[in-house]
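The values are calculated or read from the model by the stated rules, or taken from the named source; none is laboratory data. This one's a predicted model, so the numbers in the text were calculated from it and none came from an experiment. Please note: Cβ atoms are built from the backbone with ideal geometry, for glycine as well, and neighbour counts cover all protein chains shown. Accessible surface is based on the protein model in full, side chains and every heavy atom, while ligands, DNA and RNA are left aside. Shrake-Rupley method; radii C 1.70, N 1.55, O 1.52, S 1.80 Å.
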Amino acid sequence: MTILARQSLQEHLAEVARKSSTPGGGAVAAVTAAEACALLSMVANFTKADMSDLLLRTEVSRARLLELADEDSTAFASVMAAYKGDGDLENALTRAAQVPVNTIEICSSHIADLSLLAEQGNRNLITDVAIAACLLRAALESCRFNVLVNVRSMKGDTAAFTQAISGINTDVKHCNQVSETILQELA
């Protein structure tokens, strides 16, 4: 179990709010993505169609995203230490950029679930699908910032990171389409 997973929500928010750089935006992005997956699970649980595959994927993703939140804090602490001369900066930056890339990959893996639940999910919970779309979008965009801030200081080849964030616009657009379609349905 991750450290974050053992905290209450109140404890986690207090940790984020305190005068410390960790946990920071990367950890919050991973938790936000985990919240989106939890909403997808909830809607799937209330849907009559068989959603067992989706439920399994979201369960695995939630656990991994909490691990990534912890990994982000550790990676950023390594970057800060390397800037102070303790450790290799390039390796620390690479690790710090890889964590949000991993979060992006998980978010992207659930984009199709938004459409599935928007179409087949329990209509009484359609707003939860829209909120999941908003949360996934926020996590994706947040992760893009964290990749870019680390990449800009790297001396080595950053092509893999640039490639990793290249699909974000498409995923964000899809999240926007799902939430806008639901908004129109509600209006």
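Would you confirm whether or not region 29-37 contains a residue that is at pLDDT 95 or above, assigned to a helix (DSSP H, G or I) and more than 30 Å from residue 121 (Cβ to Cβ)? The answer is no; no qualifying residue exists. Taking every residue in region 131-156 that is farther than 9 Å from residue 100 by Cβ and open to solvent by 30 Å² or more (accessible area, probe 1.4 Å) and pairing it with any residue that is at pLDDT 95 or above and of a type in the set (S, T, N, Q), at least 6 positions away or on another chain, the pairs with Cβ-Cβ distances below 6 Å are 134/179; 135/32; 138/32.
It is to be established whether one or more residues within region 88-110 are open to solvent by less than 50 Å² (accessible area, probe 1.4 Å) and in contact with a Pro (Cβ under 9 Å, 6 or more places away or on another chain). The answer is no, given that none of the residues of region 88-110 is open to solvent by less than 50 Å² (accessible area, probe 1.4 Å) and in contact with a Pro (Cβ under 9 Å, 6 or more places away or on another chain). Residue by residue through region 75-87, note down the ones that are open to solvent by 70 Å² or more (accessible area, probe 1.4 Å), closer than 20 Å to residue 148 by Cα and without any contact (Cβ under 8 Å) to a residue 40 or more places away in the chain. Selection gives 83 alone.
When residue 171 is tested against the conditions (1) open to solvent by 30 Å² or more (accessible area, probe 1.4 Å); (2) modelled with pLDDT of 95 or more; (3) among the acidic types (Asp, Glu), the lone failure is (1).
Please work out if residue 34 is without any contact (Cβ under 8 Å) to a residue 12 or more places away in the chain, open to solvent by less than 70 Å² (accessible area, probe 1.4 Å) and of a type outside the set (Asp, Glu). So residue 34 fails the test. Residues in region 1-20 that are loosely packed, with under 12 Cβ neighbours inside 10 Å and of a type in the set (S, T, N, Q): 8, 10, 20. Filtering region 42-57 for residues that are closer than 19 Å to residue 142 by Cα and either surrounded by fewer than 19 Cβ atoms within 10 Å (Cβ to Cβ) or over 12 Å from the mean Cα position of the chain (by Cα) (or both) leaves an empty set.
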